[in-house]
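One structure is given below, encoded as structure tokens.
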Amino acid sequence: MKTEIKTAIIFGIMIVGGVTGLSLGFSSLETSQTPITTEIEKQSSIDTLDKSSFKIAPDLVGIAHYINTTPEELSEEIKGKVVLYDFWTYSCINCIRTIPYITAWNEKYADDGLLIIGVHSPEFEFEKDLNNVKMAVDKNGIRYPVVMDNEMKTWKAFENRYWPRKYIADSEGYIRYDHIGEGEYEQTEKVIQELLEERATKLGLNVAAAEPLVAIKEFEHTSLRTPELYFGYNFTPGRNQLGNAEGFIPGNDVEYVIPEELQLHNYYLGGTWKNLEGSMELVSDEGIIKLPYFAKEVNIVAANEAKLSIFIDGKPITSEYAGSDVVSGEIHIVEAGLYNIIKSDEATLHTLEIIVSNPGFEIYTLTFG
């Protein structure tokens, strides 16, 4: 090979090597600068975010009682925090199912700037009682602030219509997320993480890497299950499922007779019951509640001390179907609230019969899962 050709080849190799070295050098420099660029971009993105379409979270108004906090403490604590407002009421089974997630988020993110406020907006009169709500707060392990919105003024300020409902406001008070009902826990937690990261960036704090999401098995509802059944005449317009021919006679004591033929998703009463706005109250020495249902879970919202004997398809309930509040085929009502009657692995069609032996017993709703 001629000397000129060898020289050209060597020169070419040197040029390629030099270009490659420069390329790697710039690549390395670019990689080392990436985090700085990312933080600048994040800050710029936050600064330029148009919030004109978001509403500012309303003030908490008309609060009757404060639990786990005081008005002064809460007023200070809310400043500059990411705030999750949880509208709930303690006898609502859908609300109760969400609480394990909310308490877990409180434990996980409170130190990072998350404030959870439970806004307890009652559906029934007994849910306005401070002691009842305190017991529910303790029972469910709630450590975050709970405010009792007994006159539903905060509920109305948020223009809310549902239990449960979660609003999340960013550190400037803008509502950035709104979810009705159960479910979407992963999505909700991701929003919490994003808004906490946004807050940290604004404050110039170190942003922790995204943590694994809370892992709790979600309750799986039965499709086409029996709908919630209301016993108070004020709650029944458009959803009256009292199957007795006697019907509702507001404010009166009515003697009910259970017919021979029963329809699915309707309830039937036996005995004398007083028709109240939010409930039925047993007047006779004994009363019967009977209904064909389709679900895997049945709960009762009831008040006033009473003993309930539970039957399924005409036989005493067995462990296969007994809910968590059933003991030896019976439920003892000791305080106003929610009690679990039926709990099974699969949704099935059955006829539930409840025999009540105490006058004064009140039933508000039956709920299904």
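The values are calculated or read from the model by the stated rules, or taken from the named source; none is laboratory data. What you are looking at is a predicted structure, and each value in this text was computed from that prediction instead of being measured. FYI the Cβ positions are ideal-geometry reconstructions off the backbone, even for glycines, and counts take in every protein chain you see.
State which residue is farthest from the chain's Cα centre (by Cα) when the search covers only the range 54-90 and only residues that are of a type in the set (A, V, I, L, M), more than 30 Å from Val301 (Cα to Cα) and not assigned by TED's automatic domain parsing to the domain that holds Ser171.
Of everything passing the filter in the range 54-90, Ile56 is farthest from the chain's Cα centre (by Cα).
Mind listing just one residue for me: the one in the range 247-276 that is farther than 17 Å from Leu366 by Cα and part of a strand (DSSP E or B) and, of those, nearest to the chain's Cα centre (by Cα)?
The extreme case among them is Lys274.
Quick check on this structure: which one of Gly238, Gly247, Gly314, Gly271 is on the phi > 0 side of the Ramachandran plot and at pLDDT below 95? Explain how you work it out, then say what you get.
On the way: Gly247 fails: at pLDDT below 95; Gly314 fails: at pLDDT below 95; Gly271 fails: at pLDDT below 95.
Going through Gly238, Gly247, Gly314, Gly271 in turn, just one is on the phi > 0 side of the Ramachandran plot and at pLDDT below 95: Gly238.
Given (1) closer than 30 Å to Thr188 by Cα; (2) in contact (Cβ under 8 Å) with a residue 12 or more places away in the chain, identify the lone condition not met by Phe231.
Result: Phe231 fails condition (1) only.
Determine if the range 165-186 includes at least one residue that is hydrophobic (A, V, I, L, M, F, W, C), at pLDDT 95 or above and crowded, with 21+ Cβ neighbours inside 10 Å.
Taking every residue of the range 165-186 in turn, at least one turns out to be hydrophobic (A, V, I, L, M, F, W, C), at pLDDT 95 or above and crowded, with 21+ Cβ neighbours inside 10 Å.
Can you give me the number of residues within the range 279-325 that are small (Gly, Ala, Ser), over 24 Å from Asp129 (Cβ atoms) and assigned to a strand (DSSP E or B)?
4
Would you mind listing the helices (runs of 4 or more DSSP H) fully within the range 59-145 where at least 2 residues are crowded, with 22+ Cβ neighbours inside 10 Å?
Fully inside the range 59-145 and qualifying: 93-109, 130-139.
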